[in-house]
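Visitor: Once you've had a glance at the structure underneath, I'll fire off some questions.
The values are calculated or read from the model by the stated rules, or taken from the named source; none is laboratory data. These figures come from a predicted structure and were not determined experimentally. All accessible areas refer to the heavy atoms of the entire protein, side chains included, with ligands and DNA or RNA removed. Shrake-Rupley method; radii C 1.70, N 1.55, O 1.52, S 1.80 Å.
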Amino acid sequence: TATRTSPNTTLGNISSWVAHDLQTKGPEISHSITSSTALHAVLNGIAWLRSGMTDKFLVGGSEAALTPFTLAQMRALKIYTEEENEFPCRALDLEKGSNSMMLGEGAGAICLETDPSKEPLAYITGMGYATEILEHSVSLSTEAQCFQRSMKTALKGLNPGDVDAIVMHAPGTVKGDLAEFRAIEAVFGKEVPALTTNKWKIGHTFGASGVLSLELAILMMQQQEFIPVPFFKNKNLPERLNRIMVNAVGFGGNAVSILLERPG
């Protein structure tokens, strides 16, 4: 193994490289909480802003998962897709008979500010997080209790009917998609918002998935256009997109929900 393998590949180097390029003077933090990494970075950034120790914080996530080792891991867990059609990942297809998760790669970053000089892309008006004890490290409980708690906390007393859409985690697995859907039904009851996900198009980008879901939510609010999933029929499409919730959960039941609101 090359001498510099560890310092050049260790996770902590990611934030250090970004900080070096930007010549920042603040803290440089990296963490890995699998698929909820990016949304936990958002939580971390908000904590720093609320502490008063900074007024700006750059947060995000990145993932380069398309390696033989990682693909072999997912196949060994029997959650990876075996299909080769146009959309091998059938995320949010609640009637699929087999797991259809497919990996993708990506990266994204968002600047959080307490007092932006320009009109913000979106306001974060709610956030929630929760974990639950699971029997298997890659599973969710049948009713996804962690998601129920994270979404209820993110709502913070808001009427469920005031949320116009949810960008689901929906990894494309049979149990994962269904458990999150049941959790949404449990929290929102008869007022389930329009549901969507981006994983049927770009795959599951693990640590980057949360920030890419935030991007989808922001773009839908900016364009006032709901982007549906072809495998799922929403009962009611929103007339407006003013509030969108974004979900993510890491292996082991570590859920985060972020509620975004359109400026103005």
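Visitor: Taking only Cα atoms and a 10 Å spring cutoff, compute GNM fluctuations for the chain and point out the largest among Glu84, Glu215, Glu113.
Guide: Fluctuation is largest for Glu84.
Visitor: Over the chain, with a Gaussian network built from C-alpha contacts below 10 Å, which listed residue (Ser117, Ser209, Ser62) shows the highest mean-square fluctuation?
Guide: For the chain, modelled as a Gaussian network with Cα springs under 10 Å, the answer is Ser117.
Visitor: Find how many whole Å separate the alpha carbon centroid of the range 41-102 from the alpha carbon centroid of the range 144-182.
Guide: With the range 144-182 and the range 41-102 each reduced to a Cα centre, they are spaced 16 Å.
Visitor: Further question: With respect to the cross-link table entries Lys118/Lys190; Lys152/Lys201; Lys118/Lys233; Lys78/Lys235, which display a Cα-Cα separation exceeding 30 Å? The partial results should precede the final answer.
Guide: Details: Lys118/Lys190 38 Å; Lys152/Lys201 28 Å; Lys118/Lys233 37 Å; Lys78/Lys235 32 Å.
Violating the 30 Å Cα-Cα cut-off are Lys118/Lys190; Lys118/Lys233; Lys78/Lys235.
Visitor: What is the mean projected area of the alpha carbon convex hull for the range 18-103, to one decimal in square nanometres? Kindly include the intermediate steps, with their values, before the conclusion.
Guide: On the way: hull surface 33.5 nm².
Result: 8.4 nm².
Visitor: Hey, another quick one. How large are Rg and Dmax for the range 110-264 when calculated on the C-alpha trace, in angstrom?
Guide: My reading of the Cα-based Rg and Dmax gives 14.7, 48 Å.
Visitor: Here's something else I'd like to know. Could you check how much of the accessible area of the range 1-100 is carbon and sulfur, as a whole percent, using a 1.4 Å probe? All intermediate terms of the calculation are to be shown ahead of the outcome.
Guide: Numbers: 3430 of 6350 Å².
Ligands and nucleic acids excluded, carbon and sulfur give 54 percent.
Visitor: Something else about it: Give me the percent of accessible area attributable to carbon and sulfur for the range 145-196, probe 1.4 angstrom. Each step should come with its number before you reach the end.
Guide: Numbers: 960 of 1920 Å².
The nonpolar share, carbon plus sulfur, comes to 50 percent.
Visitor: For the range 149-222, state what percent of all Cα-Cα pairs lands in each successive 5 Å bin, counting from 0 Å until the bin that includes the largest distance.
Guide: Using 5 Å bins, I get a P(r) of 3, 15, 24, 26, 21, 10, 1 for the range 149-222.
Visitor: How much space per residue, in cubic angstrom, does the convex hull of the C-alpha atoms of the chain take up? Numbers along the way, then the final one.
Guide: Numbers: hull volume 38.8 nm³, N = 264.
Dividing the Cα hull volume of the chain by its residue count gives 147 Å³.
Visitor: Most fluctuating residue of Pro228, Pro88, Pro68 in a GNM of the chain with Cα springs under 10 Å: which is it?
Guide: Sorting by GNM fluctuation, first place goes to Pro68.
Visitor: While we're looking at this one, here's another question. Along its three principal axes, how long is the range 200-264 when you only count alpha carbons? Whole Å, largest extent first please.
Guide: For the range 200-264, the Cα extents along the three principal axes come out at 36, 30, 19 Å.
Visitor: Per residue and in cubic angstrom, what volume does the convex hull of the Cα atoms of the range 73-168 have? Could the numbers behind the result be given before it?
Guide: Numbers: hull volume 18.4 nm³, N = 96.
Each residue corresponds to 192 Å³ of Cα convex hull volume.
Visitor: Is it possible to state the helix-based mean residue ellipticity at 222 nm for the chain, with each DSSP H run of 4+ residues giving -39500 (n - 2.57), the sum divided by total residues, to the nearest 500 deg cm²/dmol? What is it?
Guide: Working: 8 runs with 84 residues, N = 264.
Mean residue ellipticity at 222 nm (helix-derived): -9500 deg cm²/dmol.
Visitor: Each residue of the range 25-42 in turn: what ³J(HN,Hα) in whole Hz from Karplus with 6.51, -1.76, 1.60 and θ = phi - 60°, glycine and Pro shown as x?
Guide: For the range 25-42, the Karplus-derived couplings read 10, x, x, 10, 10, 10, 8, 10, 10, 6, 6, 9, 3, 5, 6, 5, 5, 4 Hz, x marking Gly and Pro.
Visitor: Calculate, for the chain, the solvent-accessible area per residue in square angstrom, rolling a 1.4 angstrom probe over the heavy atoms of the protein chains.
Guide: On the way: 13970 Å² over 264 residues.
On a per-residue basis, the chain sits at 53 Å².
Visitor: Shifting gears a bit: What percent antiparallel are the DSSP beta bridges of the chain, to the nearest 5?
Guide: Numbers: 24 of 32 bridges.
Here the antiparallel bridges make up roughly 75 percent for the chain.
Visitor: Take every Cα pair under 8 Å in the chain that's 6+ residues apart, average their separations, divide by the length, and report that relative contact order as a whole percent. Intermediate results must be reported in sequence, preceding the final value.
Guide: Values: 545 pairs, mean separation 72.0, N = 264.
Across the chain, relative contact order equals 27 percent.
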